[in-house]
Amino acid sequence: MSQHITHPVFDGFVTLWVFNPQKQFPLRNKELLVYSALAHADRREWKPTNTKLAWSTGLNRNSIPQLLKNLYSEGLVLEDRSPVNRPEYFFTADPKKQVEHWSQQLRFWKCLVRNQGSTMLVTDQCVLSYIWYGQVTSFEPPKGWSVPYLAHILKLGKRTVRDAIARLEKMCLLKVSGSQWAVPEHLKLLQEEWFIRKSEEYTVKEKITLGTFEPDMRELDEGYAPGGIPGMSEPAKSWRPVDSAAVHRHIGQLLNERRCSITERYRILDAAMPELRQAGTEGDEWKAIVKRHVHEWIASQGEPTTSPEMSDEDLLKELEFASLEE
């Protein structure tokens, strides 16, 4: 199989072009996936990281280093991860055809890539994709479809293939009825979650252009508005200047050595800030606001508070007396 086809699943989801190995290919399925990913990356003149290799193959990222070592030991990759052209290990297309990169001479099939968090296994994605891609391209193996054939071409064990087929039937992705294997016409919504869908960058055809505009503040969301919005039914309001440093010092004075971390003091400041922005800190109104929020914080700690009508001086004396009793 090496046909280019148009299909809603194989075009709408991330796929890996996996090469068709010959019998003498020395490694297994996982190494085949990594080698295929490296070859296609090399065609684009970039070297993928372990994370990118895991994403593009469906494999666990922690397994990639060992798989690279296995490929290196067999002379399939170099130390810098560059794949080595080994045509004796793969079925080739037209050897006389002029291509830009050697990987384009090899026969391939498209493999859907599982989401890392899905219950689908890598072996499941390979067995399903090879059968499905064969059905879409009307491919027929020389001796017909069989478990031994899938095990040979996918570099998997026969039992592994049988187990994958059993799981795919339970997932409603494959139906085995006698001598017929059937695949879905398309994926259901729940099944789509098992695979990586191509992002908009891959599917959006319209070119994005840049420009400027004049903001219409009447369209400002209420969650971002400090007060009323000009032109709306409520009168416009604006923030008044707040001296945060002065407020922070005043909070410290009211607490008077009380055990209150810097983080807690900033929480008091944050809680009072909406009211402070309305009142500003130019007059004395803000001190009453801060005092009330300090009272609320003390009450939240399970400590007695004084009457809100008490003066700042009396409050400081009470707090000082309480701190001496501790």
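Rule-based calculations on the coordinates, nothing more; no lab input. Predicted, not measured: the structure shown is a model, and the values here were computed from it. All Cβ positions, even for glycine, are placed from backbone atoms using ideal geometry, and neighbour counts span all protein chains on display.
How high is the relative contact order of the range 1-142, in percent, with contacts defined as C-alpha pairs under 8 Å that are six or more residues apart? Display every interim value, and only then the final one.
Numbers: 186 pairs, mean separation 46.7, N = 142.
It rounds to 33 percent for the range 1-142.
Which distance in nm do the two modelled labels at residue 73 and residue 300 give, with both placed 7 Å along the Cα-to-Cβ direction?
Calculated label separation equals 6.0 nm.
Determine the gain in length on full extension of the stretch residue 116-residue 169; use 0.36 nm per residue of separation and subtract their C-alpha separation, reporting nm with one decimal.
Computed gain between residue 116 and residue 169 is 17.0 nm.
Give the long-range amide H neighbours of residue 197: residues separated by 5 or more places, or on another chain, with amide H under 5 Å away, using H modelled in the peptide plane at 1.01 Å from N.
For residue 197, whose amide H was placed from the backbone, the distant partners under 5 Å are 14.
Can you tally the lysine pairs in the range 102-199 where the Cα-Cα distance is under 26 Å and the two residues are eight or more apart, or on different chains?
18
Given a Förster distance of 45 Å, report the FRET efficiency between residue 186 and residue 273 from their Cβ-Cβ distance, rounded to the nearest 0.05.
About 0.25, to the nearest 0.05.
State, to one decimal in nm, how far the label point of residue 212 lies from the label point of residue 292, with both points 7 Å from Cα in the Cβ direction.
Taking the two extended label points, one gets 4.4 nm.
Which of 103, 118, 146 comes first, and how do the rest follow, when ranked by fewest Cβ neighbours within 10 Å?
Ascending number of Cβ neighbours within 10 Å: 146, 118, 103.
Give the order of 145, 239 when sorted by the count of other beta carbons within 10 angstrom, beginning with the fewest.
Working: 145 16, 239 13.
Ascending Cβ contact count within 10 Å gives the list 239, 145.
Could you put 92, 123 in order, starting from the residue whose Cβ has the fewest other Cβ atoms within 10 Å?
Ranking 92, 123 by Cβ neighbours within 10 Å, fewest first, gives 92, 123.
What is the gain in length, in nm to one decimal, between residue 139 and residue 193 on full extension, counting 0.36 nm per residue of separation less the C-alpha to C-alpha distance?
Result: 16.7 nm gained on full extension.
Please list, in chain and number order, the residues 5+ apart from residue 90 or on another chain whose amide H is under 5 Å from its amide H, with Hs placed from the backbone.
Placed amide hydrogens put 22 under 5 Å from residue 90.
Label-point separation (nm) for residue 60 and residue 284, each offset 7 Å from Cα along Cα-to-Cβ?
It is 7.0 nm.
Would you mind checking which residues have amide H under 5 Å from residue 108's amide H? H placed 1.01 Å from N; only 5 or more apart, or other chain.
The list, which skips near neighbours in sequence, is 2, 20.
Between residue 177 and residue 88, what is 0.36 nm times their sequence separation minus the Cα-Cα distance? Round to one decimal in nm.
Extending this stretch completely gives an extra 28.3 nm.
Which loop-located chymotrypsin sites (Phe, Trp or Tyr not before Pro) does the range 1-82 contain, where loop means any DSSP state but H, G, I, E or B and the Cβ has at most 14 other Cβ atoms within 10 Å?
46
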